[in-house]
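Remarks on the structure that follows.
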Amino acid sequence: MAITKAPSSQHGIPRRLVDWIDRHMTVVFNIPTVVFLFGLVAFPVMLVLLTSMTDWQLILKPDPDFVGFKNYLSAWQDPRWINAVGHTFYYAIVSVGGQFVLGMATALLFNRSFAGKAFYRSVWMMPMLSMSVAISLVWILFFDYAYGILNLGLDVIGIDPVEWTIDPNWAMPSLILVGIWHHTPFMTLILLSGLQSLPQDPFEAARIDGASRWQIFMHVTLPLMRAHIAVALILRSIFGVKEFDTFLAITDAGPMWATETMNLNIYFNAFEYQYMGEAAAKGVWFFFFILAVQLVLLQLRKRKWSY
Amino acid sequence: MGRKLHSLVLATTVAVGITGTASADVNWRQFEGSTLNAAFFTANYIDAWWRPMAKQFQKETGIKVKMLVLQAGQIRKKQDIMLAGKDSTLDVLMLQMDNRGGKLTAAGHLEDLTPYLSDASLTPADYDYPGDWLGGCINTERVIKGQSHNNIVWSAQAQLLHIRKDLFKKYNVKVPTNMAELEAAAKKLTIDEDGDGKPEIYGFLSRGWGRLTTASFASYLFNHGGSWFKTTADGTKVSNINSKESVDAFEFYGRLIREYAPKSALSNKPPQNAALYAAGKAAMHQELNFWHGLSDNPKKSRIAGKSTVILVPEGPGGSFPNLPTTSIAISKYSEKKKAAWLYIAWMTQKHIMLKGQNAAVPMCRRSAWSDPTYKAPTPGWGSSAKHAADYGIAIAKPQAIAIGQMRDAAGEVMNIAIRNGDRAAIQAAADKAAEFMTALVAKTETGMDFIGVMPSLGKRMKPGVQQEPIAADGLDKLGQ
């Protein structure tokens with residue numbers, strides 16, 4: 001059989017180049033990803049690390065000096081930063097906890113059959129689709145002391161109005177309320193998909209053995225849902241620690257810094273006060289906090305639970 | 001001799017005439033086809049004056065102005081980043097010298113305008129700078145010793161007291177000229193018509209939110225005899241917000257907000273407070289005088305025609321109108337500096353500024369106020385704005401390089417003053433803030449020759465001036 005020799009080039013590409021690409025397919029296909037990751041992740045991270053060891057100020061000190069780890073240490077002498085760390089975890093734990101409880105309850109509800117389920121489920125998911133700044137503006141109106149719908153509602157049932165975002169003690173709970181309203185649908189979505197993917201045999205076996213609904217939930221549903229719960233908690237915890245836009249729009253870290261989180265503190269240092277070096281060091285601390293949260297949650301997921 | 005004198009007068013007149021018509025020598029079309037990038041604050045004057053004038057400017061000069069208009073906080077960050085990056089695409093910027101003027105001047109980011117001012121091919125001969133500029137405006141131009149003319153102060157918006165004429169007349173309340181009368185009026189005009197314990201109208205409305213309060217509080221601080229800073233005997237600049245007079249002012253202002261303002265004021269930004277006032281919910285509103293445009297607009301306000309503006313009442317320390325002026329400048333890194341100057345010179349000409357003045361944008365040119373065609377929105381507005389521009393001083397923020405942190409520190413004291421009100425608690429907060437501010441001055445201003453806009457630059461208000469805006473609206477006989 002006569003073999004036709006391939007042309008020396010196809011569409012003008014030299015044959016040798018085509019052969020080289022064939023041999024190094026893995027490398028070639030990864031180049032765009034490597035360039036992308038280097039440009040958008042590795043390079044900025046290196047820049048932040050470098051900046052964090054300088055005393056760079058945007059306008060007043062454009063030619064910074066190297067200060068080593070001074071900014072890393074001085075962050076922990078700043079009472080606002082220490083408070084901000086506490087506020088961040090307070091918000092993340094309470095907000096994500098609330099989202100989980102409500103998310104699980106609504107997921108269990110939507111896992112049952114009832115009339116109009118599709119409609120109610122769509123309505124329930126709507127906050128998740130709304131933009132943070134837009135919903136913040138609406139919540140500012142809801143929280144208004146004199147004319148907000150929340151205090152009008154309390155007035156109807158005879159309860160004194162609450163200084164929602166005005167009182168330092170109420171400001172963080174107010175933001176947690178917004179966080180729960182905004183993000184619970186996401187939790188519902190993940191948990192509902194988990195519930196719908198569970199095998200039915202263990203549930204039937206439990207029912208035959210005479211287990212109550214609560215026992216089935218605690219000893220069958222929760223263990224089987226472990227992977228989904230872990231994913232939902234990891235994702236929401238990371239987003240919870242990073243929450244920024246609603247805080248900035250609704251309370252702007254106030255009153256009296258009662259809602260200043262790590263994110264906001266870094267923002268104020270960098271863009272209001274222009275201490276870029278200090279802000280970068282705090283940014284690195286922030287990264288380690290997020291990493292720690294992830295590691296803890298991943299360990300919880302890997303752990304072999306006994307029920 | 002008489003003939004010689006006559007000849008001399010004639011020659012002088014001709015010479016002046018030549019100089020006077022030298023504006024015709026400025027070839028306004030010399031940079032035809034250029035495009036300038038300008039970064040401006042969001043404010044009522046943008047749509048009222050800057051945008052329409054930019055169209056006219058383009059028609060007359062062939063220079064297009066692309067305006068980037070953002071909220072003040074955002075545009076400041078944008079400008080700072082562009083200037084720090086020596087971005088040549090930024091040509092013209094709007095700024096407040098009492099805010100970032102010191103920083104930008106110290107860093108050398110603003111172009112020295114002196115050569116442009118003296119260049120007859122770029123500046124009309126009748127430009128008359130600074131001769132035609134009001135004293136309060138010129139006081140804010142320089143904040144660092146030896147600073148060149150690196151900005152043109154164009155607007156003199158002042159923090160004044162908006163009052164409801166109809167309510168003062170209806171309840172026959174004396175329009176306040178001192179702090180005691182102000183509190184008495186606030187008390188009388190906090191009105192609970194249906195007796196449900198929730199006032200329908202509050203006596204006093206002003207900023208109550210953290211760092212923003214420094215602007216509305218400044219006149220109360222200085223009128224009480226307090227100040228943001230003082231200079232010690234050895235010439236050291238230290239914070240003065242914990243002095244007896246300053247704490248008196250914090251206590252007074254905090255009490256006004258706590259007792260006579262709606263709770264919303266504690267979280268409101270100026271636009272929300274202005275909307276509350278325009279909705280008829282307050283008898284007095286401490287805010288920049290340009291907000292009169294909103295309360296007097298029948299399409300947007302329930303109190304159109306019922307409000308006027310007066311000076312902040314005098315206190316034990318005197319009367320210091322707070323004049324946070326606005327400047328325009330050229331970026332040092334612009335590649336179109338001459339065209340940018342042509343834009344500034346064109347916009348700040350007498351007849352162009354007069355148009356802004358007639359659009360209720362208080363201008364810095366003296367001639368705009370005295371022009372026979374100028375008509376103030378109300379007689380009181382015109383009188384108070386003119387006196388503020390003449391006697392005012394830019395005290396809206398603590399005069400410092402680290403302005404953001406200074407405002408936050410003062411805002412924390414105000415939060416205590418409003419929420420707590422206990423004298424000892426205010427004093428403790430003020431002591432803590434003062435210590436922080438003094439340390440920050442030492443850290444950021446050493447060797448910089450930063451002077452800020454000090455009250456000593458201002459001239460003391462003449463007796464009787466306080467009463468003039470009130471009398472201008474015929475409200476001086478009330479409460480007797």
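Just for region A:151-166: of the residues that are out of contact with any Leu (no Cβ under 9 Å at 6 or more places or on another chain) and on the phi < 0 side of the Ramachandran plot, which one is least open to solvent (accessible area, probe 1.4 Å)?
Ranking the candidates gives A:N151 first.
Within region A:253-301, restricting attention to residues that are open to solvent by less than 20 Å² (accessible area, probe 1.4 Å) and at positive phi, the residue that is nearest to the other protein chains (Cβ to nearest Cβ) is A:Q274. Report, ordered by the first and then the second residue, all pairs with beta carbons closer than 8 Å, sequence separation of six or more or different chains, a first member in region A:129-147 that is away from chain B (no Cβ under 11 Å) and modelled with pLDDT under 95, and a second member that is assigned to a loop (DSSP other than H, G, I, E, B) and open to solvent by 70 Å² or more (accessible area, probe 1.4 Å). Note: no pairs meet the criteria.
Taking region B:101-142 as the range and being within 14 Å of chain A (Cβ to nearest Cβ), touching a helix residue (DSSP H, G or I) at 6+ places or on another chain (Cβ under 8 Å) and aliphatic (A, V, I, L, M) as the test, the residues that pass are B:L104, B:A107, B:L110.
For every residue, the table says whether it meets (1) under 25 Å from B:L221 (Cβ atoms); (2) at pLDDT 90 or above.
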{"position": "B:L110", "(1), (2)": "no, yes"}
{"position": "B:A120", "(1), (2)": "no, yes"}
{"position": "B:Y127", "(1), (2)": "no, yes"}
{"position": "B:P130", "(1), (2)": "no, yes"}
{"position": "B:H149", "(1), (2)": "no, yes"}
{"position": "B:A180", "(1), (2)": "yes, yes"}
{"position": "B:K187", "(1), (2)": "yes, yes"}
{"position": "B:T190", "(1), (2)": "yes, yes"}
{"position": "B:D196", "(1), (2)": "no, no"}
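Inspection of region B:249-261 identifies at least one residue that is closer than 29 Å to B:A402 by Cα and within 14 Å of chain A (Cβ to nearest Cβ).
Taken together, B:D431, B:D390 contain a single residue that is modelled with pLDDT of 90 or more, more than 13 Å from chain A (Cβ to nearest Cβ) and in a helix (DSSP H, G or I), which is B:D431.
Out of the residues in region B:439-475 that are of a type in the set (V, I, T) and in a loop (DSSP other than H, G, I, E, B), state the one that is modelled with the lowest pLDDT. Give the steps one after another, and end with the answer.
Initially, region B:439-475 is screened for residues of a type in the set (V, I, T), giving B:441, B:444, B:446, B:451, B:453, B:465, B:470.
Cutting the leftovers down to in a loop (DSSP other than H, G, I, E, B) gives us B:446, B:451, B:453.
On the way: B:T446: 80, B:I451: 75, B:V453: 60.
Once the filter is applied, the top-ranked residue is B:V453.
With the requirement that a residue be free of Cβ contacts under 8 Å to residues at least 24 places away in the same chain and farther than 17 Å from A:G98 by Cα, what does region A:164-179 give you? Across region A:164-179, the qualifying residue is only A:W164.
Within region B:355-381, the set of residues being hydrophobic (A, V, I, L, M, F, W, C), touching a residue at least 60 places away in the same chain (Cβ under 8 Å) and surrounded by fewer than 24 Cβ atoms within 10 Å (Cβ to Cβ) comprises B:A359, B:A360, B:W369.
Of A:F217, A:F271, all but one fail to be closer than 27 Å to A:L177 by Cβ, out of contact with any Leu (no Cβ under 6 Å at 6 or more places or on another chain) and aromatic (F, W, Y); the exception is A:F217.
As for region B:72-84, it holds at least one residue that is touching a Leu at 6+ places or on another chain (Cβ under 6 Å) and polar (S, T, N, Q).
Here's the yes/no breakdown for (1) more than 19 Å from A:M187 (Cα to Cα); (2) at pLDDT below 95; (3) crowded, with 18+ Cβ neighbours inside 10 Å:
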| position | (1), (2), (3) |
| --- | --- |
| A:H87 | yes, no, yes |
| A:Y91 | no, no, yes |
| A:Q99 | no, no, yes |
| A:N111 | no, yes, no |
| A:K117 | no, yes, no |
| A:R121 | no, yes, no |
| A:M126 | no, yes, no |
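When restricted to residues that are in contact with a His (Cβ under 9 Å, 6 or more places away or on another chain), open to solvent by 30 Å² or more (accessible area, probe 1.4 Å) and not in a loop (DSSP other than H, G, I, E, B), region B:92-121 contains 2. Can B:K244 be described as over 30 Å from B:A424 (Cα atoms), surrounded by fewer than 22 Cβ atoms within 10 Å (Cβ to Cβ) and more than 23 Å from the chain's Cα centre (by Cα)? Considered against the rule, which asks whether it is over 30 Å from B:A424 (Cα atoms), surrounded by fewer than 22 Cβ atoms within 10 Å (Cβ to Cβ) and more than 23 Å from the chain's Cα centre (by Cα), B:K244 comes out as no.
Among the residues of region B:278-300, are any open to solvent by 10 Å² or more (accessible area, probe 1.4 Å) and among the hydroxyl-bearing types (S, T, Y)?
The first filter runs over region B:278-300 and keeps only residues open to solvent by 10 Å² or more (accessible area, probe 1.4 Å), leaving B:279-281, B:288, B:290-291, B:293-294, B:296-300.
Remaining after also requiring among the hydroxyl-bearing types (S, T, Y): none.
No - not one qualifying residue is present in region B:278-300.
From the list A:T246, A:T259, the one residue that fits, being within 28 Å of A:T188 (Cα to Cα), in contact with a Ser or Thr (Cβ under 8 Å, 6 or more places away or on another chain), part of a loop (DSSP other than H, G, I, E, B) and among the hydroxyl-bearing types (S, T, Y), is A:T259. For region B:249-275, a residue qualifies if it is surrounded by fewer than 22 Cβ atoms within 10 Å (Cβ to Cβ), closer than 18 Å to B:L221 by Cβ and under 24 Å from the mean Cα position of the chain (by Cα), and exactly one does: B:F252.
Does A:A232 satisfy the condition of being of a type in the set (G, A, S) and without any contact (Cβ under 8 Å) to a residue 12 or more places away in the chain? Here the answer is no, as A:A232 does not meet what is asked.
Checking the stated criteria, B:G318 turns out not to satisfy the condition of being surrounded by fewer than 23 Cβ atoms within 10 Å (Cβ to Cβ) and closer than 19 Å to B:L167 by Cβ. Scanning region B:152-177 for residues that are among the polar types (S, T, N, Q) and either under 22 Å from the mean Cα position of the chain (by Cα) or closer than 30 Å to B:A43 by Cβ (or both) yields B:S155, B:Q157, B:Q159, B:T177. Note on region B:193-219: residues that are away from every other protein chain (no Cβ under 13 Å) and either touching a Cys at 6+ places or on another chain (Cβ under 6 Å) or free of Cβ contacts under 8 Å to residues at least 40 places away in the same chain (or both) amount to 3.
Taking the numbered list (1) more than 23 Å from the chain's Cα centre (by Cα); (2) more than 28 Å from B:G452 (Cα to Cα); (3) surrounded by fewer than 20 Cβ atoms within 10 Å (Cβ to Cβ) in turn, B:G235 passes all entries but (2).
Can you find a residue that is open to solvent by less than 40 Å² (accessible area, probe 1.4 Å) and either in contact with a Ser or Thr (Cβ under 6 Å, 6 or more places away or on another chain) or within 14 Å of chain A (Cβ to nearest Cβ) (or both) anywhere in region B:48-55? The answer is no; no qualifying residue exists.
Within region B:238-264, count every residue that is of a type outside the set (G, A, S), at pLDDT 90 or above and outside any helix (DSSP H, G or I). Working first, answer last.
Initial filter on region B:238-264 (of a type outside the set (G, A, S)): B:238, B:240-242, B:244-245, B:247-248, B:250-253, B:255-260, B:262-263.
So of that shortlist, the ones also at pLDDT 90 or above come out as B:238, B:240-242, B:244-245, B:247-248, B:250-253, B:255-260.
Checking which are outside any helix (DSSP H, G or I) leaves us with B:238, B:240-242.
Total meeting the criteria: 4.
Checked against the criterion of being open to solvent by less than 40 Å² (accessible area, probe 1.4 Å), of a type in the set (V, I, T), in the same structural domain as A:I266 (by TED's automatic domain parsing) and in contact with a His (Cβ under 9 Å, 6 or more places away or on another chain), region A:220-233 has no qualifying residue. Across region B:160-198, the number of residues qualifying as farther than 26 Å from B:G411 by Cβ, open to solvent by less than 40 Å² (accessible area, probe 1.4 Å) and in a loop (DSSP other than H, G, I, E, B) comes to 4.
The values are calculated or read from the model by the stated rules, or taken from the named source; none is laboratory data. The model shown is predicted, which means the values in this text are computed figures rather than measured ones. Every residue, glycine among them, receives a Cβ derived from its backbone with ideal geometry; neighbour counts consider all protein chains shown. Ligands, DNA and RNA are excluded from the accessible area calculation, which covers all protein heavy atoms including side chains. Shrake-Rupley method; radii C 1.70, N 1.55, O 1.52, S 1.80 Å.
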